[in-house]
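Following: one structure in structure tokens, then a few remarks.
The values are calculated or read from the model by the stated rules, or taken from the named source; none is laboratory data. These numbers come from a predicted model, not from an experiment. Backbone-built Cβ (ideal geometry, glycine too); neighbour counts: all protein chains shown. With ligands, DNA and RNA removed, areas are computed over all heavy atoms of the protein, side chains included. Shrake-Rupley method; radii C 1.70, N 1.55, O 1.52, S 1.80 Å.
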Amino acid sequence: MRALVLRDFYDIAVEERPDPVAGPEQVVVEVIATGICGSDFHGYSGENGRRHPGQIMGHETVGRIRELGTDVAELTVGQLVTVNPVMSCGVCPACVSGQEHWCSRRVVLGVAPEIPAAFADRVAVPAANVVPLPEDMPEELGALVEPMAVSYHAVRRGKPVPDDRTLVIGGGPIGQACVLAAQRLGIGALALSEVSASRRELCSRLGAAVIDPAGGDLVDAVANELGGPPTLVVDAVGISRTVGDALTVSSLGARIVVVGMGSPQLDLAAYALSTAERSLIGSFAYSAAEFADTAEWVGTVPEGIQTLIEGRVGWEGAPQSFDDLARGRSTASKILVFPHGLPHQASA
């Protein structure tokens with residue numbers, strides 16, 4: 001089969017690799033499309049230290065089951081599915097309590113370098129991580145389930161209530177997904193801060209009030225849009241400046257969720273956190289239940305979700321897309337890689 005291999009940092013290419021075989025309690029999925037995540041192209045550049053030369057990346061995927069291993073029930077060949085990339089042990093206290101992403105033995109497809117992942121014609125995965133999708137939905141939307149689950153979990157971590165005044169910081173793919181997640185959870189007053197004009201325009205189409213953080217007094221701009229300082233902030237960037245913005249603009253007692261992973265270390269205005277009794281909350285991945293719930297929600301084709309896909313390429317365009325994203329030449333929200341060629345409707 002063909003696979004996109006990270007040969008070295010800033011060097012990725014399509015190579016022939018052995019076909020995967022479904023082992024016991026596994027299935028082989030014929031990949032329809034896999035999304036390029038920020039963690040993938042920052043891994044391609046070597047910036048985040050979370051991808052390694054020789055690796056086949058890819059964790060935001062959709063496909064059809066090609067082969068069933070032994071002891072696999074309730075799944076069928078040809079079924080449209082997505083894959084929860086968080087593979088946990090299933091027996092530890094975290095797994096038993098429904099917090100599989102806390103499992104100390106978890107392995108993440110597309111992050112673990114020893115496991116060939118979804119930038120490939122086919123991928124072998126545990127049957128327990130396969131989530132069926134409705135046959136009548138646009139197939140490519142299945143590749144958005146994973147980032148939508150990340151954002152759904154992040155907003156839920158902030159314990160939202162309908163009358164929250166909510167600010168999302170960062171209008172990239174996760175920030176965009178956070179806008180949809182906030183709407184899904186019934187939040188009404190919703191604004192987004194983003195420096196890129198094109199991303200602000202996309203998020204405006206999703207229904208958020210958009211703010212240019214470089215356009216003046218951010219505190220006043222946010223309060224004017226929301227009718228007061230935000231009570232809930234979701235930082236989809238995760239660098240010192242954006243966490244600082246969250247502390248500056250938010251209300252007393254606000255909850256600030258950091259889901260962006262833009263920096264491994266942060267400098268904080270500690271008094272702005274403690275004396276205003278704000279809560280700083282981390283968010284990573286999602287539970288299996290949240291992933292499954294999000295797959296069901298994506299299957300309903302919620303309004304605006306198709307807007308998130310801004311690029312589609314086959315194998316021939318994938319290396320350039322990685323490079324353009326890593327070097328900042330592209331601000332596309334989500335680019336999908338189609339191993340078997342672009343769908344007719346996308347290439348028309």
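For residue 169, are the conditions met, namely being over 12 Å from the mean Cα position of the chain (by Cα) and surrounded by fewer than 24 Cβ atoms within 10 Å (Cβ to Cβ)? In short, no.
Taken over the stretch 64-78, residues that are assigned to a loop (DSSP other than H, G, I, E, B), touching a strand residue (DSSP E or B) at 6+ places or on another chain (Cβ under 8 Å), open to solvent by 40 Å² or more (accessible area, probe 1.4 Å) and in contact (Cβ under 8 Å) with a residue 12 or more places away in the chain amount to 1. Residue count for the stretch 42-63 under the criterion of being surrounded by fewer than 20 Cβ atoms within 10 Å (Cβ to Cβ) and basic (Lys, Arg): the result is 1.
Of the residues in the stretch 307-316, at least one is assigned to a loop (DSSP other than H, G, I, E, B), in contact with a Gly (Cβ under 6 Å, 6 or more places away or on another chain) and within 30 Å of residue 120 (Cβ to Cβ). When you check residue 341 against the structure, is it in contact (Cβ under 8 Å) with a residue 24 or more places away in the chain, among the small types (Gly, Ala, Ser) and under 19 Å from residue 170 (Cβ atoms), yes or no? For residue 341, the condition - in contact (Cβ under 8 Å) with a residue 24 or more places away in the chain, among the small types (Gly, Ala, Ser) and under 19 Å from residue 170 (Cβ atoms) - is not met.
Scanning the stretch 143-164 for residues that are outside any helix (DSSP H, G or I) and either in contact with a Lys or Arg (Cβ under 8 Å, 6 or more places away or on another chain) or open to solvent by 10 Å² or more (accessible area, probe 1.4 Å) (or both) turns up 158, 159, 160, 161, 162, 163. Of all residues in the stretch 16-41, those being open to solvent by less than 40 Å² (accessible area, probe 1.4 Å) and touching a helix residue (DSSP H, G or I) at 6+ places or on another chain (Cβ under 8 Å) number 10.
Scanning the stretch 116-139 for residues that are outside any helix (DSSP H, G or I), more than 12 Å from residue 4 (Cβ to Cβ) and of a type outside the set (A, V, I, L, M, F, W, C), we see that the one that is most open to solvent (accessible area, probe 1.4 Å) is 136. Among the residues of the stretch 265-306, the one identified as over 29 Å from residue 98 (Cα atoms) and touching a strand residue (DSSP E or B) at 6+ places or on another chain (Cβ under 7 Å) is 273.
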